[in-house]
Amino acid sequence: LELHSEYIPGGSESIYDVDQRIGRKTNIIPLLQEDKFLCSFSHIFADDYASGYYSYQWAEVMSYDAFSAFEEAGLDNQRAIEVLGRKFRDTILALGGGKSPLEVFVEF
């Protein structure tokens, strides 16, 4: 996202500098200095798919958030999991397009 929103062409950092800087904060294994993945990752620069690509990351955040509700209920608490499972079924799975996705998720 930073490449789309804050990168300044011709500025003090190249796209590779940005990639390395972000990689130092987010990757478990350090990127190789000669890594040029950005050159082959055309999704982030080609047409309008670029912004849609990040919907996968957003879906991961939402799935983690939903699973954390089950963790908070206690994964070993059968009764609480059943109640929460029904709530998941009755909101996320049942409401479909009847309400906005955000409303459904918040309701869960």
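The values are calculated or read from the model by the stated rules, or taken from the named source; none is laboratory data. Here the structure is a predicted model, which is why all the values come from computation and not from measurement. Positions of Cβ are generated from backbone atoms using ideal geometry, with glycine treated the same way; all protein chains shown enter the neighbour counts.
Observations
- Cβ pairs under 9 Å, 6+ apart, first in segment 67-78 and surrounded by 11 or more Cβ atoms within 10 Å (Cβ to Cβ), second modelled with pLDDT under 95: ALA69/PHE108
- Restricting attention to segment 1-19 and to residues that are part of a helix (DSSP H, G or I) and closer than 20 Å to GLN57 by Cα, the residue that is nearest to the chain's Cα centre (by Cα) turns out to be GLU2.
- Number of positions in segment 95-108 that are surrounded by 11 or more Cβ atoms within 10 Å (Cβ to Cβ) and not in a loop (DSSP other than H, G, I, E, B): 6
- Of the residues making up segment 70-92, those that are of a type in the set (A, V, I, L, M, F, W, C), in a helix (DSSP H, G or I) and modelled with pLDDT of 95 or more are PHE70, ALA73, ALA80, ILE81, VAL83, LEU84, PHE88.
- The residues of segment 25-59 that are loosely packed, with under 10 Cβ neighbours inside 10 Å, at pLDDT 85 or above and assigned to a helix (DSSP H, G or I), listed by number, are LYS25, THR26, TRP58.
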